[in-house]
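Presented below is the structure to which this report refers.
No value in this document is a laboratory result; all are computed from the given coordinates. Keep in mind the model is a prediction, meaning the values are calculated, not measured. Every residue, glycine among them, receives a Cβ derived from its backbone with ideal geometry; neighbour counts consider all protein chains shown.
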Amino acid sequence: MKYEVLKKDKTDEETSGHALHDYDKMYASFSWKASEKEFVSDDGCLNAAYVAIDRHVGTWRRNKLALIFEDEAGFIEKFTFEDLSLLSNKVGNILKDFGAERGDRVFLFLPRTPYLYISFLAILKIGGVAGALFSAFQEQALFDRLEDSSTSIVITTSQLLPRLSGIRKKLKNLKHIITVDTDDFKTSVANASADLRIAGTRPDDHAFMLYTSGTTGKPKGVVHVHKAIVHQAMSARLVLDLKEDDTYWCTADPGWITGISYEILGNLALGITTLVFSGRFDPKRWYTLLAAHKVTVWYTAPTAIRMLMAQGVSLPKSFDLSNLRHLCSVGEPLNPEAIRWSIKAFGRPFHDTWFQTETGAIMIANFATLDIRVGSMGKPMPGVVAAIVDDSGRQVPNGTEGNIALRPGWPAMMQAIWKRLGKYHSYFINGWYMSGDHGTKDGDGYFWFIGRADDVIKTSGERVGPFEVESALVEHPAVVEAGVIGKPDELRGEIIKAFVVLDKDQRSKIKNQKDGERLKEELMEYVKKHLAGHAYPREIEFIDSLPKTRSGKIMRRILKAKELGLPVGDTSTLEEY
Ligand code: WT7
């Protein structure tokens, strides 16, 4: 196997003061029990919001900046640890006044504004289960998640509220919608008590949940517990290399796991100052933010890096980015060109990291002190046992392709799939957690990503289930059936492509290419409006019939092979096609 190696000099500034100076030594001696001691009090209780915020208030960090917000218009708001402590106490009391009790699901449908973060912490403080809904979600996506989780309170803004209006009546368990940008809410906050007794949650009590997609069925609720914060904090230290004086910018949205684990919990548990930008992606704006806030550690995703690359190196060179010390990436394969480009643009490489909604925190990573084998995801986080196994959960020899698997027992591991015990158990085979990703491990323990073992789509780093998109498409009167795949795309990793079988009458109405294009546009808009802005098919192809198994399941594998001009493989279970 040929690969480029970026040697790390252990005496240089970046690596010498690193918490993980000697990977092998730390990996051998690491224990979660010992790590817990730093974050968890002795009484056996663990509340992640307390660990992230209130723990610091009794220390010199009380007046340290915790979160800095900048919005599209350049408006900046700053919050110290004490500010967040008091405000989350107030919101906790408001939620209690609305009747929220321990274990209740309270979901956030908010853009990246302060109340998203404050409310998230407040929900954890009262022992509730917080859920985050990506602000691009539309009615169908919102309904599925709120219905499945039996959410009782949703917190939103007046701008997003209309998307809930149409489904509100159908949601039997939804008791209240709180709108944070109203005068009413401001008055409630002003009047609420800033004293709150934080719920004495146990390490294994549910703290938050996120819906994520698999191959089939509706999205599933991945449930995480309070003790996940131990892993999130330790990985923020060992992988993201966060240190006391850092200004850290994570570009993810808390609607996805990265935004919760590394924009709220892990980073704040370490007492780090974190920047949150709620505006749109724009290369010049991003460099302006890096320079103006003197960002030192930056965590972003390959699609964003590729979009920056497309603008060239002279743009970043025209900014003073000398404070940047450590760069990390997550969510999809980080191509070697992106690493080479970042060395040219910023004088340092991006460090690839790998994890999933279900793993709750970083599992495999390129550590600042470890040589980078360009194209590899790196090595397991201390405390994590990773392996490549076959479909029956037996380890395969080094260099052989197989399933990326993890030994259960890391603190951030999901503890349930909401209401679907069978689904939860199906992740585990022969004592391994099966990730659904394929990869290899080389003789020195570096892991290499190959691809998904299933039909899950990764578009711009965001996980989309084909079934959700297919279901949205068939809701349109012109569509009889749809099959959806991820099509490789240089910029976005994959784009969503839909193969659509039209209703006979509709088909006869298409007289020319223009009519066809118009209908395609209409279908794209339809998915955007009903499901989510990011989950619509950028390409649609009309076909006469879909390849299906004899039992009627759409064979997306065949659609994909045809799209890529690859052999279609085993079709023995295929219905005539
Ligand atoms: C899937 C999980 C954004 C935070 C984690 C995403 C893919 C993740 C990498 C990487 C190649 C990656 C995998 C994984 N993925 N990181 N470094 N290289 N692929 O959480 O949305 O649950 O997605 O993202 O396919 O299974 P997620």
Worksheet item: Which far-off residues, 5 or more places away or on another chain, put their amide H under 5 Å from the one on residue 274, with H placed in the peptide plane?
Response: 67, 68, 248
Fill in: Table column - 3J(HN,Hα) (Hz), the stretch 484-494, Karplus curve with 6.51, -1.76, 1.60, x for Gly and Pro
10, 10, x, 9, x, 9, 4, 8, 8, x, 9
Discussion item. A 32 angstrom limit on the alpha carbon distance is what I want to check against. Which of 90/243; 175/560; 423/458 exceed it?
Written reply: 175/560
Item to complete: Work out which helices of the chain, taken as complete DSSP H runs, extend at least 18 Å along their axis over the Cα atoms and score a mean Kyte-Doolittle of -0.5 or more, then list them.
Response: 81-97
Worksheet item: Of all DSSP beta bridges in the chain, what percent run antiparallel (nearest 5)?
Response: 60
Item to complete: Take the alpha carbon atoms of the stretch 1-72, find their center, do the same for the stretch 444-472, and report the distance between the two centers in whole angstrom.
Response: 29
Practice prompt. Give the long-range amide H neighbours of residue 207: residues separated by 5 or more places, or on another chain, with amide H under 5 Å away, using H modelled in the peptide plane at 1.01 Å from N.
Written response: 224, 225, 226
Worksheet, complete the sentence: The exposure ranking of 435, 235, 193, fewest beta-carbon neighbours within 10 Å first, is 193, 435, 235
Discussion item. Given axes a ≥ b ≥ c from the Cα gyration tensor, I'd like to know whether the stretch 236-291 is rounded (a/c under 1.5), prolate (a/b larger than b/c) or oblate.
Written reply: oblate
Worksheet item: Applying the Karplus parametrisation 6.51 cos²θ - 1.76 cosθ + 1.60 with θ = phi - 60° to the phi angles of the stretch 379-391, what ³J(HN,Hα) value in whole Hz is obtained for each residue in order, glycine and proline being reported as x?
Response: 10, x, 4, x, x, 10, 9, 10, 7, 9, 10, 7, 5
Practice prompt. Would you work out the relative contact order for the stretch 91-134, in percent, from Cα pairs under 8 angstrom that are 6 or more residues apart?
Written response: 52
Worksheet, complete the sentence: Listed with the fewest Cβ neighbours within 10 Å leading, 455, 12 appear as 12, 455
Worksheet item: Of all trypsin sites (Lys or Arg not before Pro) in the stretch 298-398, which ones are in loop regions per DSSP and have a Cβ with at most 13 other Cβ atoms within 10 Å?
Response: 394
Worksheet item: Which trypsin sites (Lys or Arg not before Pro) from the stretch 484-550 combine a DSSP loop assignment with at most 15 other Cβ atoms within 10 Å?
Response: 511, 538, 550
Item to complete: List 16, 460 from most exposed to least, where exposure is judged by having the fewest other Cβ atoms within 10 Å.
Response: 16, 460
Worksheet entry | the chain, Cα convex hull volume normalised per residue, Å³ | 165
Worksheet item: Within the set 10/441; 419/548; 78/284; 2/379; 170/529, which residue pairs have Cα atoms separated by over 27 Å?
Response: 419/548
Worksheet entry | the chain - charge dipole about Cα centre, Lys and Arg +1 at Cβ, Asp and Glu -1, debye rounded to 20 | 460
Fill in: Pairwise centroid distance, computed over Cα atoms, of the stretch 307-362 with the stretch 261-283, Å
16
Worksheet, complete the sentence: Phi angles of the stretch 263-276, converted by Karplus (6.51 cos²θ - 1.76 cosθ + 1.60, θ = phi - 60°) into ³J(HN,Hα) in whole Hz with x for Gly and Pro, give 10, 10, 7, x, 5, 6, 4, 8, x, 8, 7, 10, 9, 10
